[in-house]
Amino acid sequence: MSFDLAVWFESGRVSVADATRTYERLCDGDLTGAGVVANEAVAAFHRELTDRFPAPSAADDDAPAEASPWTGGLDVSAAHVIMPMSWSRADGTAPEVVDLAGRHGLVCLDPQAQVLHRPPAQRGAGGLSLRPCVGLKVEDADPDVIDRAVRRLSAENWFLILERRSGHFLQVGHGPNAGLATDDFAVEHREGSMERHYRCVLSRREEVIALFADYAAGANTWSVDAQWAGLF
């Protein structure tokens, strides 16, 4: 089983749900149903991608198999590229693929996490940056992406940071790795200076989800009656 990413051109901002439907049709070979169109940016992305990460058959005969991150051939047309990579190489390769797609003005779908990485021109002003313990950083994260990220917190995937700008963030640590009981969550938020850095401990995941939704919506008050304490 591979870790897959898919890249194509969108003329405007699309939802994760619409992008997922496009991806499923691309996987079925239905380019017409997917609604994708040929774009020179896709070809340029593919050229740079394969220069940086050669396909196994294109690697030097003397090079080890690990020289290529791909587990098989790339699925390529003039309108899209689907890349199957080994899970062991995903941490190093996937961020570069996402960055390269963005620089070419293309969207990049991570179907494993149901996350759509948009190019800079399609990101909203003041968009939030989401950094999970496990997985790729997401710029301009949608509310549903944030919700799923909180629901995926576990003993191994134990922290999550949602940042508005430098020094302004909401973050959570979960379980023993955060110095807590197995089911507890430590939530911190900071609004600029150290004097405005606060922490609370919660035992219910739904409360953490609500706090992250409040922060993402730019709410002036919290919907959860948490006991916040200053850290400095």
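The values are calculated or read from the model by the stated rules, or taken from the named source; none is laboratory data. Computed from a predicted model, the values in this text were never measured in an experiment. Methodologically, a virtual Cβ is constructed for each residue, glycine included, from the backbone with ideal geometry; neighbour enumeration extends over all protein chains shown. Accessible surface areas use protein heavy atoms only, side chains included; no ligands, DNA or RNA. Shrake-Rupley method; radii C 1.70, N 1.55, O 1.52, S 1.80 Å.
Numbers at a glance
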quantity	calculated
Neighbour net charge for Gly175 - beta-carbon separation under 12 angstrom, K R +1, D E -1	-2
Chain lengthening between Ser129 and Asp225 when straightened (0.36 nm per residue, less Cα-Cα)	32.0 nm
Rounded tilt (10° steps) of 16-27 against the dominant C-alpha axis of the chain	30
Label zone at Arg21, where the point sits 7 Å out along the Cα-to-Cβ direction: the range 95-114 residues whose backbone N lies under 16 Å	none
The chain - accessible surface per residue (Å², probe 1.4 Å)	51
Computed label-point distance, nm, for sites His197 and Asp51 using a 7 Å Cα→Cβ extension	4.3
Share of carbon and sulfur in the accessible heavy-atom surface of the range 80-214 [1.4 Å probe, %]	50
Two-decimal Rg to Rh for the chain - Kirkwood Rh, Cα set	1.03
Label zone at Arg205 (point 7 Å along Cα-to-Cβ), backbone N below 20 Å, the range 99-123	112-115
FRET E, pair Phe232, Trp87, Förster distance 35 Å, beta-carbon r, rounded to 0.05	0.30
Pairwise FRET efficiency - Lys137 versus Ser11, Cβ, R0 = 30 Å, nearest 0.05	0.75
With Cα atoms, 0 to 90° folded angle of helix 40-52 axis to the chain main axis	90
